[in-house]
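The values are calculated or read from the model by the stated rules, or taken from the named source; none is laboratory data. Treat the numbers as computed from the prediction; the structure is a model and nothing was measured. Methodologically, a virtual Cβ is constructed for each residue, glycine included, from the backbone with ideal geometry; neighbour enumeration extends over all protein chains shown. For the accessible areas, the whole protein counts, side chains as well, though only heavy atoms, and no ligand, DNA or RNA atoms are used. Shrake-Rupley method; radii C 1.70, N 1.55, O 1.52, S 1.80 Å.
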Amino acid sequence: DASWQSDNRHGVCVDFRVNSTTIDPKYRNNSTVLERIDSLFNAIEADTLIDIVSIEFCGSASPEGNSIVNRRLSNARMKAMEKMVKKHNSTIPQDIIVYNDHYIAWDHLIELVSNDNTLPRRDEVLQILCTEYPEAKDWNGVAIDGRIPELRKLDYGNIWYLLNQRYFVQMRNAWFILVTTRQELPKPEPE
C-alpha cells in the first residue's frame with residue numbers, strides 16, 4: 001500500500017496589457033513564466049506518482065476602469081489562463097477546479113503600497129484601501145468601487161497618478177495555484 005506526502009503548491013502568474021485578455025509571451029516576464037508552466041506540466045506528466053488534487057484559476061484587473069469592464073477583464077483573463085493550462089493537461093477533472101475572478105485584487109495593492117516607503121501620503125492611501133466604501137459612479141454614471149473616487153481625491157489626483165504608474169501594471173494578471181501530491185512507493189520489508 002502506498003503512502004502520500006504532503007501537498008506541493010505551485011503558483012504561476014502572467015501579466016496582461018491594458019484592456020487585454022490575450023496572454024502575450026512578449027509582454028513583461030511572460031516568456032519566462034510560460035517556460036515555467038511548460039516545465040511544471042512536463043514534470044507532472046513524466047512522474048506517474050504525482051496527482052493534481054486541486055487547481056485554482058484567478059483573474060484580476062487594475063482599478064482604473066469601471067466595474068463592468070473590470071469584471072469582464074478579470075473573468076476573461078482567468079479563462080485565458082485556464083485555456084492555456086488545459087492545453088498542457090486536458091485531463092484535469094472539473095470537480096477539482098476553483099474559479100476566483102477577484103475583479104480588483106485590492107489585497108495585492110495593499111501589499112504593494114505597504115512595502116513602498118517612498119509613496120507620499122501612504123498612510124492615507126492604506127486607510128482608504130483597507131476601508132469598504134459603498135459603490136460609487138464614474139463620470140458616465142457607471143458603477144465603480146467606492147475606494148476609487150476617494151483615492152482620486154488625494155492630492156488633486158497626483159496620488160492616483162502615482163498608484164497608476166507604480167502599481168496598476170502589476171494588477172492586470174491571471175494566475176493559477178496548483179496543488180499536487182506525490183504518492184510514495186512502499187518501502188521494502190527488511191529481510
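Of all residues in the stretch 75-91, none are at positive phi and either open to solvent by 20 Å² or more (accessible area, probe 1.4 Å) or touching a His at 6+ places or on another chain (Cβ under 8 Å) (or both). Suppose the filter is more than 30 Å from G146 (Cβ to Cβ), in contact with a strand residue (DSSP E or B) (Cβ under 7 Å, 6 or more places away or on another chain) and not in a loop (DSSP other than H, G, I, E, B); does I23 pass it? Judged against the criteria, I23 is not a match. Out of curiosity, is L154 surrounded by 12 or more Cβ atoms within 10 Å (Cβ to Cβ), assigned to a loop (DSSP other than H, G, I, E, B) and not hydroxyl-bearing (S, T, Y)? The answer is no for L154.
For (1) open to solvent by less than 30 Å² (accessible area, probe 1.4 Å); (2) modelled with pLDDT under 95; (3) under 19 Å from the mean Cα position of the chain (by Cα); (4) at negative phi, each residue gets a yes or a no:
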| position | (1), (2), (3), (4) |
| --- | --- |
| A46 | no, yes, no, yes |
| V69 | no, yes, yes, yes |
| D95 | no, no, no, yes |
| N100 | no, yes, yes, yes |
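Selection over the stretch 8-43 of residues that are β-branched (V, I, T) and out of contact with any Leu (no Cβ under 8 Å at 6 or more places or on another chain) gives a count of 5. Could you please find all residues in the stretch 43-99 being touching a residue at least 60 places away in the same chain (Cβ under 8 Å), over 30 Å from E150 (Cβ atoms), out of contact with any Asp or Glu (no Cβ under 8 Å at 6 or more places or on another chain) and not in a strand (DSSP E or B)? Listed by number, the residues that qualify are I44, D47, A80, M81, E82, M84, V85. In the stretch 105-151, the residue that is surrounded by the fewest Cβ atoms within 10 Å (Cβ to Cβ) out of those that are touching a residue at least 12 places away in the same chain (Cβ under 8 Å) and hydroxyl-bearing (S, T, Y) is T131. Count of the stretch 16-44 residues, restricted to those that are open to solvent by less than 40 Å² (accessible area, probe 1.4 Å) and over 25 Å from I104 (Cα atoms), is 3. Scanning the stretch 100-112 for residues that are outside any strand (DSSP E or B) and of a type in the set (D, E, K, R), we see that the one that is farthest from S60 (Cα to Cα) is E111. Given the conditions (1) closer than 25 Å to R28 by Cβ; (2) crowded, with 20+ Cβ neighbours inside 10 Å; (3) among the aliphatic types (A, V, I, L, M), report the number of the one that I177 does not fulfil. Single failed check for I177: (2).
On the basis of being of a type in the set (D, E), surrounded by 12 or more Cβ atoms within 10 Å (Cβ to Cβ), at pLDDT 95 or above and over 20 Å from N100 (Cβ atoms), does D51 make the cut? Taking the combined requirement at face value, the residue does not satisfy it.
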